[in-house]
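Asker: Below is a structure I'd like to ask you about.
The values are calculated or read from the model by the stated rules, or taken from the named source; none is laboratory data. These figures come from a predicted structure and were not determined experimentally. Every residue, glycine among them, receives a Cβ derived from its backbone with ideal geometry; neighbour counts consider all protein chains shown. Calculation scope for accessible area: heavy atoms of the full protein, side chains included, ligands and nucleic acids excluded. Shrake-Rupley method; radii C 1.70, N 1.55, O 1.52, S 1.80 Å.
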Amino acid sequence: MKKIIRILIAKPGLDGHDRGAKYVARALKDAGYEVIYTGIRQTPEAIVKTAIQEDVDFVGLSLLSGAHNELFPKVARLLREQQADDIIVLGGGVIPDADIPQLKASGIETIFTPGTPITDVIQFIEANRERVSR
Amino acid sequence: MIDLAEKVLKGDVRAIARAISWIENNRPEKENLIDALFPHCGNAQVWGITGPPGAGKSTLLDKIIEIERRKQKKVAVIAVDPSSPFSGGAILGDRLRMQSHATDEGVFIRSMASRGHLGGVAQATSDAIKVLDAAGFDLIAIETIGVGQTEIEVVGLSDIVLLVLVPGLGDEIQAMKAGVMEIGDIFIVNKKDRDGALKLRAEIEYVLGIQFADYPEKMKPIVMTAASMNEGIEELLTVTDDYFLKISMNRSLQDKRKTRLKSEIRQIFTQKVSAHVKQKYDFENRLDEWVDAVYKKKKRPYSLINEKINLFLRECNWL
Amino acid sequence: MPESKHIEDRRKSWESGIVKKVTDKNPERKKEFMTGSWIPVERVHLPSITTDTEYSEKLGFPGEYPFTRGVQPTMYRGRFWTMRQYAGFGTAEESNERYKFLMSQGQTGLSIAFDLPTQIGYDSDDPHSEGEVGKVGVAIDTLKDMEILFNGIPLDKVSTSMTINAPAAVLLAMYIAVAEKQGVSRQDINGTIQNDILKEYMARGTYIFPPKPSLRLITNIFEYCAKEVPKWNTISISGYHIREAGSTAVQEVAFTLADGIEYVKTAIKAGMDVDAFADRLSFFFNSHNDLLEEVAKFRAARRVWARIMKEKFHAKSPKSMMLRFHTQTGGSTLTAQQPDNNIVRVAIQTLAAVLGGTQSLHTNSRDEALGLPTEDAVRIALRTQQIVAYESGVTNSIDPLAGSYLVEDLTDKIESEVWKYIDKIEEFGGMVRAIENGFVQKEIQDAAYKYQREVESGERVIMGVNKFTVKQETPKEILTVDPELRNIQIRKIGEVRKTRNSEAVKSYLDELRNGAKHPEVNLMPLILDAVREYATLGEICNVLREEFGEYQESIVL
């Protein structure tokens, strides 16, 4: 039997635009994943603790306010500090291309910008299935 | 593996979470893990919290956690939600209302999807409770929507069942019909500020009154709360404490736990025996062949199975 | 009606005759045609208003009940809508400069964007503010920032719109205090605060307190302004964000008006006379790409609101029945791909808003799907409005699409669907209950999900996203906010804390706390006292948090 992949969809920061996050959560459920959704206004600390307690395979961060340069790397750093950096972190939202290299360098595996079809996200998850099947 | 058990016993969060994943995924290693943890179980109180969707179960739990934490108790929550029958996926959002405790080291919250795999979610939950118990949590709360048989099985794993109802959902009477009333030990009328709260209380009293007409001393407590306004929670906890004391004193707690263990041992036994026999006959692969034979009336169902089982038993020298 | 029966018959023979002949050979592009919000549209629409009575009941004349054709008798023949670009970022100094630039370009009103910590009542030095200071708007911590923000802008000459909800009372108090310092009486200032908490719970997310105390604060503002700040629009009941969250056009109107009903009920319950505050209510809608549906939406909204005020709340003054609204073009329709295409989208949406009779308009900049708008992009956006106003000619006659068979049918259809929702929400016991129940959120999410699925499948075409895509060109210039900004704000708060009268601050905060405990007290004057002494936004909101508690979102996915 194929392992059921668990994904945390989280909104760090204060931004309330959750249309995208909710869409992704629902679409991933329909694709057969277990999605943990925690709502808006989560601190990086809370996201990391949640990811660990829920033993998720992926964390998807969504942010549209422009605070990604501060908050995304912090999530990645806190995961490392908890020796939980085997959890793969992805980001999405209004993120300028110019910011992507430094986000990747900070430990965010990939960034999905506006207009990305959900099939790309699913492909990414499936491409990493082996890695998370521990 | 032993390493994982050791870490769980030390309360390592990552290990606890991983152990529950092993259980959920039904990994073979889980058996040794549970056995290693088992001697350390039995210290936690296990509460089941159930009720219709929108009753405010998670909010209530959020407030309970707040108070229990002030008493330095470690609290764990297992929130069970249904998996989609179509995709097998799930959205698990119960912890949303408890996120204020997300960074508290003394609180562990885990969302579980019902999945519908081998043994069902009840067995997985039962093993997850053992992990949390062994890890030193004082209170383990299991939250489910009280609608179906699965959920009733799941809350049946607890020492106390809190049944949360609210006025105005239109579900309350149905809940009573569905027999959910039977599993509740303590009844909570949440959102007591709403119209209809007193009426709901009266209805519950009426139904329980009939049930316990001959044993008024067994009448179950009803508590009114407004969880979102933090009202009635302290009172609820006094009632649960009293209840817990009562069932420990009259040994019904011990009986309940023993009964639970009995059904668990029975289940493991049945499962193991069945697994061995199935393996022997390469059951999953030959099932179609057998069905075909029965379908074409070449074999009859009972004779076919008896024949196979007798063969197996003879080989074991049991016949 | 023998006449229209005649047309109906002719349509049938037309359909079965030459239409069928053509469609048999060349089928139409789609089986069913629908508006952007899934309202079915026929091959041709026919007249639906055929008598004078029907005309008067449904349309009337501009400035007359039920205001379908507009709230003013002369509309844009008198003067154009207010061109009001929403702006604000970084520090008060930077935003002040942007406002002066916009005014020099012909903008006629200010619209202040606050950053998220300000909108949620956190000071810049609060841990929650990490990463967010100055990002989506200007950071305001104390009256000091507000003084800088309006430096050199005479508050008796401009009208100012502030997108602020949960802490609206605090920002309004700061605005009054700045006016006082400029020597302008609060009787003379005019502008708008959004102050619409209900849509925050269902769509936008910048709530602080639970519904009950939030509604109290709103009513406090209504009462205070009715006496003290008579020219102020005390609320801007907003469908904009509901639509951004993915609702249909019908839901946008229905949920907004249902919010309106809840506010009116609350104020009446608090003892106010409906005509004492209803003319100060204003609305805020979105404008999307489906031009004719949008025009019909605005017209239907006016008609429904007029009926609600007259029939449900028995308002006497026609002003109480007028739905006056601001419009912003649809942010969620902008694409990060081929961003110049957004200029065209915004132009269509501008036309929709103007043909729909808006009182003021913000046009989005082409680069907003990428980040904060650059000055160049903002100028084009403003020019788009100006071209529609001065060059297109659509402003010469009022409600020029009235009488379009399709537009009238859509207006009727939207109206009837809106009433269905309003009735349903009343069955729940009002909007607060419908939100707590998750009903409204679920309706919006389902529409958003359906929309996105259509985009993913290609059924709904978005230029540059799922059709006619090109390899992404990276935009030349994007405005970014200095990450050091939070430290600058933190230093400023520190300086204010050092120089202010701490005794006075403490005693006013105590009075506020005491007032919060007593539901009959109007908190506005207490908040005004506190901001005058440079109490921070966070200090004030924290007092109220402690007394009122915090709202927790209700999610049904």
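Asker: Looking at (1) closer than 28 Å to residue B:100 by Cα; (2) not in a loop (DSSP other than H, G, I, E, B), which is the only condition residue C:508 fails?
Answerer: (1)
Asker: Still on this structure: So which of B:70, B:27 ends up being of a type in the set (Lys, Arg) and not assigned by TED's automatic domain parsing to the domain that holds residue B:137?
Answerer: B:27 is the lone residue from the list that is of a type in the set (Lys, Arg) and not assigned by TED's automatic domain parsing to the domain that holds residue B:137.
Asker: Could you tell me which of the residues C:233, C:220 is under 16 Å from the mean Cα position of the chain (by Cα) and away from chain A (no Cβ under 14 Å)?
Answerer: Answer to the check: C:233.
Asker: Conditions first: (1) within 30 Å of residue C:415 (Cβ to Cβ); (2) assigned to a loop (DSSP other than H, G, I, E, B); (3) open to solvent by 10 Å² or more (accessible area, probe 1.4 Å). Residue C:76 passes all but one, so which condition is the exception?
Answerer: Only one criterion in (1) within 30 Å of residue C:415 (Cβ to Cβ); (2) assigned to a loop (DSSP other than H, G, I, E, B); (3) open to solvent by 10 Å² or more (accessible area, probe 1.4 Å) is unmet by residue C:76, namely (2).
Asker: I'd like to verify a number: residues in segment C:380-399 that are open to solvent by less than 60 Å² (accessible area, probe 1.4 Å) and either outside any helix (DSSP H, G or I) or acidic (Asp, Glu) (or both), how many?
Answerer: Here the count works out to 6.
Asker: What are the residue pairs meeting all of these: first residue in segment B:130-159, first residue of a type in the set (Ser, Thr, Tyr), second residue modelled with pLDDT of 80 or more and assigned to a strand (DSSP E or B), Cβ atoms under 7 Å, and 6 or more apart or on different chains?
Answerer: Within 7 Å, the pairs are B:144/B:50; B:144/B:80; B:158/B:46; B:158/B:47; B:158/B:48; B:158/B:142.
Asker: Before we move on, is residue B:214 within 14 Å of chain C (Cβ to nearest Cβ) and in a loop (DSSP other than H, G, I, E, B)?
Answerer: For residue B:214, the condition - within 14 Å of chain C (Cβ to nearest Cβ) and in a loop (DSSP other than H, G, I, E, B) - is not met.
Asker: Next question, about the same structure. Going through segment B:13-33 one residue at a time, which ones are within 17 Å of the chain's Cα centre (by Cα) and more than 10 Å from chain A (Cβ to nearest Cβ)?
Answerer: Hit for segment B:13-33 is B:23, nothing else.
Asker: Same structure, new question: So if I check each of B:86, B:137, which one is in the same structural domain as residue B:234 (by TED's automatic domain parsing), open to solvent by 30 Å² or more (accessible area, probe 1.4 Å), of a type in the set (Phe, Trp, Tyr) and under 23 Å from residue A:6 (Cβ atoms)?
Answerer: So the residue among B:86, B:137 that is in the same structural domain as residue B:234 (by TED's automatic domain parsing), open to solvent by 30 Å² or more (accessible area, probe 1.4 Å), of a type in the set (Phe, Trp, Tyr) and under 23 Å from residue A:6 (Cβ atoms) is B:86.
Asker: Still on this structure, I have one more. Out of segment C:480-531, which residues are open to solvent by less than 50 Å² (accessible area, probe 1.4 Å), of a type in the set (Lys, Arg) and either within 23 Å of residue C:90 (Cβ to Cβ) or touching a strand residue (DSSP E or B) at 6+ places or on another chain (Cβ under 6 Å) (or both)?
Answerer: Matches in segment C:480-531: C:492 only.
Asker: Moving to a separate point now. From the list B:163, B:60, B:132, B:157, exactly one residue is in contact with a strand residue (DSSP E or B) (Cβ under 7 Å, 6 or more places away or on another chain), in a loop (DSSP other than H, G, I, E, B) and either at the interface with another protein chain (Cβ under 10 Å from one of its Cβ atoms) or not basic (Lys, Arg) (or both). Which is it?
Answerer: After applying the criteria, what remains is B:157.
Asker: How about segment C:336-350: which of its residues are in a helix (DSSP H, G or I), aliphatic (A, V, I, L, M) and open to solvent by less than 50 Å² (accessible area, probe 1.4 Å)?
Answerer: C:346, C:347
Asker: Could you please let me know if residue C:551 is within 26 Å of residue A:39 (Cα to Cα), of a type in the set (Phe, Trp, Tyr) and touching a residue at least 40 places away in the same chain (Cβ under 8 Å)?
Answerer: When the stated conditions are applied, residue C:551 passes them.
Asker: Now for a different question. (1) touching a helix residue (DSSP H, G or I) at 6+ places or on another chain (Cβ under 6 Å); (2) under 25 Å from residue A:31 (Cα atoms): which one isn't true of residue B:93, the others all being true?
Answerer: Evaluating residue B:93 over (1) touching a helix residue (DSSP H, G or I) at 6+ places or on another chain (Cβ under 6 Å); (2) under 25 Å from residue A:31 (Cα atoms) leaves (1) as the failure.
Asker: So, one more: In this structure, is residue A:90 more than 22 Å from residue C:339 (Cβ to Cβ), open to solvent by less than 20 Å² (accessible area, probe 1.4 Å) and in a helix (DSSP H, G or I)?
Answerer: No; evaluated as a whole, the condition is false for this residue.
Asker: For segment A:1-25, what are the residues that are more than 14 Å from the chain's Cα centre (by Cα) and open to solvent by 10 Å² or more (accessible area, probe 1.4 Å)?
Answerer: A:1, A:2, A:3, A:4, A:17, A:19
For (1) modelled with pLDDT of 95 or more; (2) within 30 Å of residue C:351 (Cβ to Cβ); (3) surrounded by 14 or more Cβ atoms within 10 Å (Cβ to Cβ), each residue gets a yes or a no:
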| residue | (1), (2), (3) |
| --- | --- |
| C:10 | no, no, no |
| C:18 | yes, no, no |
| C:38 | yes, yes, yes |
| C:49 | no, yes, yes |
| C:58 | yes, yes, yes |
| C:67 | yes, yes, yes |
| C:72 | yes, yes, yes |
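Asker: Evaluate the following for residue C:94: is it more than 14 Å from every other protein chain (Cβ to nearest Cβ) and open to solvent by 40 Å² or more (accessible area, probe 1.4 Å)?
Answerer: The answer is yes for residue C:94.
Asker: Looking at (1) surrounded by fewer than 22 Cβ atoms within 10 Å (Cβ to Cβ); (2) more than 14 Å from chain C (Cβ to nearest Cβ), which one does residue A:54 not meet, given that it meets all the others?
Answerer: With (1) surrounded by fewer than 22 Cβ atoms within 10 Å (Cβ to Cβ); (2) more than 14 Å from chain C (Cβ to nearest Cβ) applied to residue A:54, the lone miss is (1).
Asker: Shifting gears a bit: For the condition open to solvent by less than 10 Å² (accessible area, probe 1.4 Å), of a type in the set (Ser, Thr, Tyr) and within 11 Å of chain C (Cβ to nearest Cβ), what is the one hit in A:38, A:43?
Answerer: A:38
Asker: A follow-up question, please. Output the number of the condition that residue A:48 fails; it satisfies all remaining conditions of (1) without any contact (Cβ under 8 Å) to a residue 24 or more places away in the chain; (2) more than 10 Å from chain C (Cβ to nearest Cβ).
Answerer: Every condition holds for residue A:48 apart from (1).
Asker: Still on this model: Would you check which residues across segment C:363-377 are open to solvent by less than 10 Å² (accessible area, probe 1.4 Å) and not in a loop (DSSP other than H, G, I, E, B) and list them?
Answerer: Listed by number, the list holds a single entry, C:377.
Asker: Now a separate question. Return the pair list, or none, for Cβ contacts closer than 6 Å from residues in segment B:36-53 that are open to solvent by 30 Å² or more (accessible area, probe 1.4 Å) to residues that are modelled with pLDDT under 95 and part of a strand (DSSP E or B), at least 6 apart or on different chains.
Answerer: B:53/B:145
Asker: Starting from residues that are part of a helix (DSSP H, G or I) and surrounded by fewer than 21 Cβ atoms within 10 Å (Cβ to Cβ), keep the ones in segment C:316-335 and report whichever is farthest from the other protein chains (Cβ to nearest Cβ).
Answerer: C:318
Asker: Go through (1) without any contact (Cβ under 8 Å) to a residue 40 or more places away in the chain; (2) within 30 Å of residue A:44 (Cβ to Cβ); (3) open to solvent by 10 Å² or more (accessible area, probe 1.4 Å); (4) outside any helix (DSSP H, G or I) one by one and return the number of the condition residue C:132 breaks.
Answerer: Residue C:132 satisfies all of (1) without any contact (Cβ under 8 Å) to a residue 40 or more places away in the chain; (2) within 30 Å of residue A:44 (Cβ to Cβ); (3) open to solvent by 10 Å² or more (accessible area, probe 1.4 Å); (4) outside any helix (DSSP H, G or I) except (3).
The rows are residues; the columns are (1) at the interface with another protein chain (Cβ under 9 Å from one of its Cβ atoms); (2) of a type in the set (Gly, Ala, Ser); (3) touching a Lys or Arg at 6+ places or on another chain (Cβ under 7 Å).
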position	(1), (2), (3)
A:91	no, yes, no
A:98	yes, yes, no
A:102	no, no, no
A:106	no, yes, no
A:113	yes, no, no
A:122	no, no, no
A:127	no, yes, no
